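Notes follow the structure.
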């Protein structure tokens, strides 16, 4: 008896290996389904693998309401997910608003809805990001000079998010859908050149593949994996420094000043984020770091959230301007 189509088998294997690597799945496994090839192939693999692991598989379809007929598209995606084996499927309607453009606002709304759908806020939501999505993320970070944390790309497991398909190509998920006999939804936004990612996907990456004789997407994804390992190792070391430097009055300059800049800035990043600083940029971080590594008696550094980082009495402190000294 022959086995499943190779593409179906590849997606199922990726999901099975991912589930074997994590411990935070209880009785239910959630899968985000858009109706596209990636998410439908993922939904089938999750249903197939989950049923054999005693897990109930629940498909979550987010209706952003940004296109005509979005409700019908969402309902069709939910129905297809059930046909592919999901135990249940539901549509989550969201309101897209806020800063950063429609793409960023839709992403925030989608993730917020998916997180809220988790039972008691616990569990895992599988997302259909593929190797190609990872390559686009790395290339986007490289072009923006975002640093190693961005170049490390998306993590396979970033609770509550799970990304089993980061080693699977988009072409494989499409072949899987053909073999399954399903017709994925083609999101018109994925062909709209107004979106940066679309141009990366349709113009930049194909050109790089041609110039460099292929294999670029896989190489970028491999680079992300390598940088992610390095970043996680540095973050672990930085956590140890943070514990030594942290005091109720602020961070101990004597501890920070003996550390390499790469570790020191990681400590500062954690401290600032934990203290409520948002929209922290590399320029902000380096300015705060200069209070330690390039101290010339300069004044405090103004940060988002109307906060000021300042150096005094051997400590770095963070406070609102009216309370700084």
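Read the figures in this text as sums done on the coordinates, not as results from a lab. Here the structure is a predicted model, which means the values were calculated and not measured. Ideal geometry is used to build each Cβ from the backbone, glycine not excepted, and the neighbour counts take in all protein chains shown.
Given axes a ≥ b ≥ c from the Cα gyration tensor, I'd like to know whether the range 93-206 is rounded (a/c under 1.5), prolate (a/b larger than b/c) or oblate. In terms of gyration-tensor shape, rounded. Note on residue 71 and residue 26: the extension gain reaches 13.1 nm, defined as 0.36 nm multiplied by sequence separation minus the Cα-Cα distance. At full extension, residue 218 and residue 194 could sit 6.1 nm farther apart than now, given 0.36 nm per residue minus the alpha carbon distance. Determine the shape class of the range 6-211: with a ≥ b ≥ c the square roots of the Cα gyration tensor eigenvalues, call it rounded for a/c under 1.5, and otherwise prolate if a/b is greater than b/c, oblate otherwise. Taking the square roots of the gyration eigenvalues as a ≥ b ≥ c, the range 6-211 is rounded.
Could you work out how much longer the chain between residue 53 and residue 82 gets when fully extended? Use 0.36 nm per residue separation minus the Cα distance between them, nm to one decimal.
So the chain would gain 8.6 nm between residue 53 and residue 82.
When both bridge partners sit in the range 33-190, DSSP labels roughly 20% of those beta bridges antiparallel.
Against the chain, whose longest principal axis is taken from its Cα atoms, helix 170-180 shows a tilt of about 30°. Over the range 206-279, the Kirkwood radius and the radius of gyration, each from Cα atoms, give a ratio Rg/Rh of 1.23. Between residue 236 and residue 142, the FRET efficiency estimated from the beta carbon spacing at R0 = 22 angstrom works out to 0.35. Here the scattering of the range 239-310 is modelled by Debye summation over its C-alpha atoms, one equal scatterer each and no solvent; at q = 0.19 Å⁻¹ the log10 of I(q)/I(0) is -0.72.
Of all beta bridges that DSSP places with both ends in the chain, some 50 percent have antiparallel geometry. Normalised by the number of residues in the chain, the mean separation of alpha-carbon contacts (under 8 Å, six or more apart) gives a relative contact order of 15 percent.
According to the square roots a ≥ b ≥ c of the eigenvalues of the Cα gyration tensor, what is the shape class of the range 176-325, taking rounded for a/c under 1.5, prolate for a/b larger than b/c otherwise, and oblate for the remainder? Cα axes put the range 176-325 in the prolate bin. Name the residues of the range 157-191 whose amide N is less than 18 Å from a point 7 angstrom out from the Cα of residue 226 along the C-beta direction? Under 18 Å, as judged by backbone N against the label point of residue 226, lie 167 of the range 157-191.
Neighbour counts of C-beta atoms inside 10 Å place 2, 213 in the sequence 2, 213, starting with the fewest.
Starting from the Cα of residue 120, move 7 Å in the Cα-to-Cβ direction to define the label point; list residues of the range 15-45 whose amide nitrogen is under 14 Å from there. Correct set: 25-28. By the helix-only formula, in which each DSSP H run with n ≥ 4 contributes -39500 (n - 2.57) and the sum is divided by residues, the chain has a 222 nm mean residue ellipticity of -15500 deg cm²/dmol. Considering only alpha-carbon pairs that sit under 8 angstrom and 6 or more positions apart, the relative contact order computed for the range 116-184 is 38 percent.
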